[in-house]
Amino acid sequence: MAQIPADLNAANAKTIAEFRANGRRLEGRPLLLLTTKGRHSGRHYTNPMMYVRLDDRLLVVASAAGAERDPDWLRNLSADPAVTVEIDGEEYPATARPTTGSDRDGLFERIAAQYPFFADHQAGIERRIPVVELVRRD
């Protein structure tokens, strides 16, 4: 299971700076930056995360490296699904839509087949790991 750095904010700041400078990937995996609005603070928070493209859909998985609790960025989406995506040298507004039911299950199965560590994350926790679609708004 992936290790979360002791100082996650510092690690994220470094990854964000490298990504913006040269499109850095996350351990060889495709990376995007997702900016959400804090549900309590109203501040904007940017998080680097791996993404997956399936059937023309841009997806992120809220595994939090197999943590028992949903990541903060996911909880922020419940208050405001309007996000900003930075990917492939482009920045644009999007709407975050958590997938549900058989759609979520099918997507998670396909993602885990491609990236087995997600199946490992799910096997080690009780919560059902969400899969979120990022739909571009223009």
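The values are calculated or read from the model by the stated rules, or taken from the named source; none is laboratory data. Keep in mind that this is a model prediction, so the values were computed, not measured. Methodologically, a virtual Cβ is constructed for each residue, glycine included, from the backbone with ideal geometry; neighbour enumeration extends over all protein chains shown. Just the protein is used for accessible areas: all its heavy atoms, side chains included, with ligands, DNA and RNA removed. Shrake-Rupley method; radii C 1.70, N 1.55, O 1.52, S 1.80 Å.
Couple of notes before you dig in:
- Scanning region 65-75 for residues that are of a type in the set (A, V, I, L, M) and under 8 Å from His121 (Cβ atoms) yields a total of 1.
- Positions within region 110-120 being assigned to a helix (DSSP H, G or I) and not acidic (Asp, Glu), in sequence order: Arg110, Ile111, Ala112, Ala113, Gln114, Phe117, Phe118, Ala119
- In region 90-138, of all residues being of a type in the set (S, T, N, Q) and more than 23 Å from Asn76 (Cα to Cα), the one that is modelled with the lowest pLDDT corresponds to Gln114.
- Pair list, Cβ < 7 Å and 6+ apart or interchain, from region 43-58 residues that are under 16 Å from Pro93 (Cα atoms) and among the hydrophobic types (A, V, I, L, M, F, W, C) to residues that are surrounded by 14 or more Cβ atoms within 10 Å (Cβ to Cβ) and modelled with pLDDT of 95 or more: Leu58/Tyr51; Leu58/Glu133; Leu58/Leu134
- The sole residue among Asn22, Asn76 that is of a type in the set (S, T, N, Q) and at pLDDT 90 or above is Asn76.
- Of all residues in region 87-109, those that are in a loop (DSSP other than H, G, I, E, B) have Cβ atoms under 6 Å from Cβ atoms of residues that are of a type in the set (Val, Ile, Thr) and modelled with pLDDT of 95 or more, 6 or more apart or on another chain, in Thr99/Val131.
- Selection count, region 90-126, where residues are within 15 Å of Leu54 (Cα to Cα), among the hydrophobic types (A, V, I, L, M, F, W, C) and open to solvent by 30 Å² or more (accessible area, probe 1.4 Å): 1
- When residues of region 33-58 are limited to those that are under 8 Å from the mean Cα position of the chain (by Cα) and over 18 Å from Ser78 (Cβ atoms), the one modelled with the highest pLDDT: Tyr51
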